[in-house]
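Quick note: the coordinates plus some simple rules give every number you see, no bench work behind them. Everything numeric in this text was worked out from a predicted model, so none of it was measured. Methodologically, a virtual Cβ is constructed for each residue, glycine included, from the backbone with ideal geometry; neighbour enumeration extends over all protein chains shown.
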Amino acid sequence: MGTLSTAPQPIAGDIASQRLLPRESPLPMAPGDLGKNRVSDRVPAPVATTMVWRRSIILLSTAALTGAGGYEMYRVLQVGGVTVLEAMVLALFLILLAWVAFSFSSAVAGFFVLLAYRPDEDALASATEPPAIASRTAMLLPTYNEDAHRLTARLRAIIESLNATSHGKLFDWFVLSDSTDPDIWVAEEKALLALREAVGGPRLYYRHRADNTARKAGNISEWITRFGASYDFMIVLDADSLMTGQTIVRLVHAIEANPTAGLVQTLPMIVNARSLFSRVQQFAGRLYGPIIAAGVAWWHGSESNYWGHNAIIRVRAFAEAASLPQLRGRRPFGGHILSHDFVEAALMRRAGWGIYMLPTLGGSYEEVPPSLLDFAARDRRWCQGNLQHLAVVPARGLHWVSRLHFMVGIGAYLMAPLWLMFLLLGMLISLQARFVRPEYFPKGFSLFPTWPAQDPVLAIWVFVVTMGLLLLPKLLSLALLWTRCSVRSQFGGALRASAGVFAEIVLSALMAPVMMIFQSIAVAEILAGRDAGWQTQRRDDGTVERRELYRKYGIPTLCGIAMAAGAYAVSLPLLLWMSPVIAGLLFAVPIGALTTRPTTGKLFATPEERAPPPVLLRANELSASVDVGIKPALVELREDAALLAFHIAQLPPPRAARPDTIDANLAVGRAKVEASDTFEQGVAHLSSREVFSILNDDTMLSALLQKR
């Protein structure tokens, strides 16, 4: 049997010349502490002098709509007296209506902002040459087990677009890998070497972490503590992010012009949608997104939010204020903060740095999960992260708008079980009225009987007004489109856009009950202590196997059957009244199958689909180029000496191991390799974790690759 030599062996190529990391320039991050009040004397530059008035309008209109709707609902229920169940329904209705009214008020504000908006007067959104900038900016791309070919295709398109602005020399590029799949890890290194050769610049760097502490937030923090002092700003991308060079330069100019700005956020638009589900999301985001973003930016001001990507951040502000603590307790509520972006924005604002949004700055793009199941899987992780914020809301010194951001994020997921409870209580009241004998003459003296009843006509009006609050923002977005000829043509005309809005409303109404069940289950699982983990998001087509459709949509379907049976037991009119919800649940499987199918057409056309921007065309062209696929990591390194030299150059220096920190996977992998006569035999018996450990040990890796 072959044995491994422990002496380091020479490898092809000059390892030092292959090292693609810059000289380290550490920037310490202050330890995260939610209990310490770090309020600074620094005051962010205001967006407008009328911010108090703007926020008062949003809050007062929300309160007025909720109060008026709640009073009318009380009138519906109070005929004959309000029972305990009816009081519970009224309380839930008030909470749900307040949520709808808050979103409605913000969207109406956005409508009027965009109605008065003139693109030719906006320097940031104009088509003129990008402004001059002078600061050093790092472009950070954290990645976790993503397709290396597509990743570098998008990155190359961004680099080329930025170089075309003549400001490319001010930017350095970092791919920060947390990948745990050894084959993907080596594929990333190979793709980065090829990309560096293609773009012809030395400022493209790659760093892989063997220890994924704190996930994405820890990935960014580790970069800051090693390299952050060399840069003024950083722009954080996602694996599916795409940005034009002009947008990047304008972001740098915007934060340079405002010394109190800690972060400036863009509004990413969805692109590359292929399935029916993703095209509906793409259409809705493109048409309704601007009005929503303009509304929140109007009253958020310098207390805006952060969505985790496609934003520019002042590095020193982040290092000073945005270090995240570990939450007390066990997962899912304790441990590292999952939805870190909200918290980072709130902590920077607490330290006196402004958090801004530029809703009209275009040229920022992202992708969306291809199916409802993929969307729900990502949403499950976000749900856990947002519910963790319950421990962050009481943090000392936070601005009240930052606390409101947390409450809105938490409410986004609590609304689903509350909506489900509202529906079930309504059915329970109807069943009670149908099967439980009413007490017409209560105890005590009464001249007239008490008739258990509700006002059906007023109930219809309450329902109509509530639906109006839900749908009117979409109709306002459509009306805004009608008023602008250039925008109408980008969506394929007013009639086509109108048909798309109607179809989107129908499809969203059918999918909403299914998401209600999924989110309710997610909340229940999290409250029961189940952790979401860290899964890679699927970014290809939305094809789902039939068995998975039945398994995943089984619970929503059973809920639909139970609701239909309960409603029909009361009366046929109640069944018809609840048919929009029941239909979405009963037909969850066919709807899920239908929306995963690839589709093209003119119904859900968007401007980026009809006339793709050059950076999107270039990214898609590069993604569609020949992909040789992924070979096993050890085979790839054995066949490519330059890649092997680069891989070893990226490994951190070995640390002295303590007796209680022995890498079991490395020890088992070594034993398997020593028991093998050839390289092929050794590789065939190694598990993925054992290969990963070997890849992190240059001595063993070099010896293994030299086996015959």
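The equivalent ellipsoid that matches the C-alpha gyration tensor of the chain spans semi-axes of 49, 31, 26 angstrom, in descending order.
Quote to one decimal, in nm, the extra length available between Lys36 and Leu651 on full extension: 0.36 nm per residue of separation minus the C-alpha distance between them. Display every interim value, and only then the final one.
Working: separation 615, 0.36 × 615 = 221.40 nm, distance 3.73 nm.
Between Lys36 and Leu651, full extension yields 217.7 nm more.
Simple rule: put +1 on each Lys or Arg Cβ and -1 on each Asp or Glu Cβ in the chain, find the dipole, and look at Gly200, Thr143, Gly385; the Cα lying farthest toward the positive end is Gly385. Annotation: lysines with alpha-carbon distance below 27 angstrom to Lys707 (same-chain offsets under eight excluded): Lys190, Lys631, Lys672. A convex hull fitted to the Cα coordinates of segment 627-705 yields 103 cubic angstrom per residue.
If a helix is a whole DSSP H run, which ones in the chain reach 27 Å or further along their own axis (Cα) and hold a mean Kyte-Doolittle hydropathy of at least -1.0?
Details: long enough: 51-77 (39 Å, 0.63); 84-115 (46 Å, 2.36); 276-300 (34 Å, 0.48); 400-435 (49 Å, 1.38); 456-482 (37 Å, 2.10); 494-527 (46 Å, 1.66).
Helices passing the filter in the chain: 51-77, 84-115, 276-300, 400-435, 456-482, 494-527.
Centroid-to-centroid, using Cα positions, segment 366-392 and segment 277-313 are 16 Å apart. Net charge dipole, the chain: roughly 1220 debye, given to the nearest 20, about the Cα centre with Cβ charges of +1 for Lys and Arg and -1 for Asp and Glu.
Within a straight-line Cα-Cα reach of under 26 Å, Lys36 can be paired with the following lysines, leaving aside sequence neighbours fewer than 8 residues apart in one chain: Lys216. Relative contact order of the chain: 23 percent, from C-alpha pairs under 8 Å at least 6 residues apart in sequence.
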